Amino acid sequence: MSFDVTNIRKQFPILQTKIGKYPLIYFDNGATSQKPQIVIDYINTYYETENANIHRGVHHLSQVSTENYEEARKTIQAYINAKKDYEVIFTQGTTDGINLVASSFGKLLKAGDEILISQMEHHSNIVPWQMLAEERELVLKYIPMNAAGELVMSELDTLLTEKTKLVSVTHISNALGTINPIAEIIEAAHKVGAKVLIDGAQSLQHMQIDVQDLDCDFLVFSGHKVFGPTGVGVLYGKEELLNEMPPYRGGGDMIKTVTLEKTTYNGLPHKFEAGTPNIIGGIAFGKAIEWLAGQDLEAIKQHEDELLAYATEKLDEIEGMQFYGTAKEKGSTISFLIEGTHPYDVGTLLNQQGVAVRTGHHCTQPIMDFYNIPGTIRASFSFYNTKEEIDQFIIALKKAVTMLS
Amino acid sequence: MSIIDKENELVESFAIYDDWMEKYEYIIELGKDLPIIDSTNKTDENIIKGCQSTVWLHAEKKDDKVVFTADADAIIAKGIIAILVDVLSNETPDTIIDAKLDFIKEIGLQEHLSPTRSNGLVAMVKQMKMYALALKMK
């Protein structure tokens with residue numbers, strides 16, 4: 001299989017959009033990915049011909065929907081190589097997955113237990129743990145990072161103790177692009193008996209993850225960042241761990257029997273899926289993963305690496321350029337500031353020229369505090385982006401800087 | 001000049017430029033005329049909440065009129081607050097409170113600002129009207 005970016009781009013109708021007189025250059029893939037035609041079409045088809053509630057009806061459409069929903073679960077199971085399909089729990093997204101673990105796994109923890117996260121986490125992988133720590137009198141610790149935006153791995157052994165029950169770290173930093181050495185972290189954590197949650201929100205769209213090979217205990221990710229719809233995500237958890245954990249939310253679908261005195265809970269995965277789920281979200285997410293699995297993932301990785309290297313080189317030629325996040329291992333995300341300009345001004349003027357980037361703190365205020373800056377400009381690439389778009393971006397950026405200085 | 005006259009003048013000035021990049025250049029220019037807030041008034045209480053860049057706004061009553069001074073750490077935000085100060089400063093509290101500010105829509109400012117900035121613009125207008133209301137009571 002060879003990689004043909006022109007062919008890939010044809011499958012993403014939104015890339016033909018114009019912003020005023022400028023063609024859209026979408027470099028905000030860290031926030032959300034665009035959707036291929038096949039996923040968009042399927043959402044229509046579903047509502048036109050298959051819509052029904054699942055796990056309930058005896059009627060034809062309910063059965064079709066249930067089969068498709070469970071098929072999507074199996075597609076995702078296969079993609080991340082989970083042992084069992086019921087280890088794949090549908091959630092509302094990464095944030096929801098982390099909150100589920102904090103709430104349910106959290107109930108197994110007692111005062112004095114420790115949770116270890118890192119200094120470069122997204123707020124969604126900080127706040128649920130702070131809330132839990134407060135509620136259950138736990139100790140929350142942080143793996144520090146260095147100026148390049150890499151975790152200081154030499155600290156790990158002292159931070160991990162026999163009291164550490166959970167380590168929750170991001171695979172790829174949304175603000176800096178750093179790819180963390182998660183295999184190493186998982187191995188070290190397991191040595192002290194701690195479980196490990198990997199925040200895959202920024203990684204699944206760039207690389208395949210094998211949960212058995214990696215041996216992580218939990219993996220969370222979002223549908224909308226991996227070419228699927230918003231409002232759906234996945235929590236992968238090891239079977240025995242999920243069985244040990246109490247349910248998260250109560251309601252329909254998660255029960256076996258209900259009397260007015262007592263309820264017995266359903267088995268996995270339904271125990272964690274109370275109420276009517278985002279049915280089309282789950283099915284369309286499965287379609288997106290199926291589509292992604294059909295691409296040449298090696299070639300995708302190579303193309304994204306080339307985009308990162310090319311953009312970094314071109315940006316570096318601009319006077320006053322300051323990069324944030326210069327780790328050796330990086331995903332296709334670049335955070336930067338230009339001396340003498342405010343990121344919001346630059347972002348606004350890029351927007352006027354059709355370039356979509358993110359500006360601000362990227363929901364990672366501790367990282368901004370670390371560098372003592374209010375925010376950055378972030379360009380994050382996907383494999384449908386091109387070097388020609390980077391050239392246009394650089395022209396637009398230079399024009400913005402000229403206007404602002 | 002009445003608020004409406006000032007608004008009309010701005011609408012006409014913006015109409016000269018077809019391209020939004022040129023309109024932004026004009027916004028940046030207008031920022032240079034902003035009556036700058038006294039450094040002693042650059043306090044946390046005077047920061048407008050809802051702006052993603054830092055915007056300071058101060059108001060005081062001179063005779064029966066409200067006089068605004070401001071500053072911002074981002075150049076475009078500075079231009080936008082300058083436009084609002086130009087329109088609303090040296091007016092009575094009641095005139096400020098009642099101002100409809102239709103020119104914002106006519107220029108197309110709101111839709112051309114990114115959502116965070118658009119929220120910032122709304123926050124700026126709200127804060128200026130709050131000041132007018134507070135000074136009216138004095």
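The values are calculated or read from the model by the stated rules, or taken from the named source; none is laboratory data. Just so it is clear, the structure is predicted and the values come from calculations on it, not from any experiment. Note that we place each Cβ from the backbone using ideal geometry, even for glycine, and neighbour counts take in every protein chain shown.
Of all residues being touching a residue at least 40 places away in the same chain (Cβ under 8 Å), away from every other protein chain (no Cβ under 13 Å) and of a type in the set (Asp, Glu) in region B:1-44, which is nearest to B:Leu84 (Cα to Cα)? Just the residue, please.
Looking at the filtered set, the residue picked out is B:Glu7.
Tell me which strands (runs of 3 or more DSSP E) are completely within region A:129-240 and hold 2 or more residues being touching a residue at least 60 places away in the same chain (Cβ under 8 Å), or say none if there are none.
In region A:129-240, A:164-170, A:195-199, A:218-222, A:233-237 are the strands (runs of 3 or more DSSP E) which contain 2 or more residues that are touching a residue at least 60 places away in the same chain (Cβ under 8 Å).
Of the conditions (1) within 14 Å of chain B (Cβ to nearest Cβ); (2) buried (at least 19 other Cβ atoms within 10 Å of the Cβ); (3) not in a helix (DSSP H, G or I), A:Gly340 fails just one. Which one is it?
For A:Gly340, the exception is condition (2).
Can you pull out the residues in region B:20-43 that are buried (at least 17 other Cβ atoms within 10 Å of the Cβ), in a loop (DSSP other than H, G, I, E, B) and of a type in the set (Val, Ile, Thr)?
B:Ile37
Quick one: in region A:344-358, of everything that is more than 8 Å from chain B (Cβ to nearest Cβ) and without any contact (Cβ under 8 Å) to a residue 60 or more places away in the chain, which residue is nearest to A:Gly325 (Cα to Cα)?
Here the residue is A:Val346.
Have a look at A:Ile334, A:Ile367 and point out the one that is crowded, with 20+ Cβ neighbours inside 10 Å, assigned to a helix (DSSP H, G or I) and hydrophobic (A, V, I, L, M, F, W, C).
Going through A:Ile334, A:Ile367 in turn, just one is crowded, with 20+ Cβ neighbours inside 10 Å, assigned to a helix (DSSP H, G or I) and hydrophobic (A, V, I, L, M, F, W, C): A:Ile367.
Where residues in region B:45-67 are buried (at least 16 other Cβ atoms within 10 Å of the Cβ) and more than 14 Å from chain A (Cβ to nearest Cβ), which of them is nearest to the chain's Cα centre (by Cα)?
Per the stated criteria, the residue is B:Leu57.
Going through A:Lys256, A:Lys262, A:Lys238 one at a time, which residue ends up being of a type in the set (Lys, Arg) and surrounded by 13 or more Cβ atoms within 10 Å (Cβ to Cβ)?
Exactly one of A:Lys256, A:Lys262, A:Lys238 is of a type in the set (Lys, Arg) and surrounded by 13 or more Cβ atoms within 10 Å (Cβ to Cβ), namely A:Lys238.
For the structure I just gave you, tell me whether B:Asp73 is surrounded by fewer than 18 Cβ atoms within 10 Å (Cβ to Cβ) and either over 14 Å from the mean Cα position of the chain (by Cα) or within 14 Å of chain A (Cβ to nearest Cβ) (or both).
Yes.
Which one is surrounded by the most Cβ atoms within 10 Å (Cβ to Cβ) among residues in region A:1-56 that are at pLDDT 95 or above and among the small types (Gly, Ala, Ser)?
A:Gly30
Can you tell me which residue in region A:57-88 is farthest from A:Phe272 (Cα to Cα), limited to those that are modelled with pLDDT under 95 and not in a helix (DSSP H, G or I)?
So the residue we want is A:His59.
Can you say whether A:Gly286 is without any contact (Cβ under 8 Å) to a residue 40 or more places away in the chain, buried (at least 24 other Cβ atoms within 10 Å of the Cβ) and in a helix (DSSP H, G or I), as far as the supplied structure shows?
Criteria not met by A:Gly286.
Could you go through region A:85-99 and let me know if any residue there is surrounded by fewer than 21 Cβ atoms within 10 Å (Cβ to Cβ) and over 18 Å from the mean Cα position of the chain (by Cα).
For region A:85-99, residues surrounded by fewer than 21 Cβ atoms within 10 Å (Cβ to Cβ) and over 18 Å from the mean Cα position of the chain (by Cα): present.
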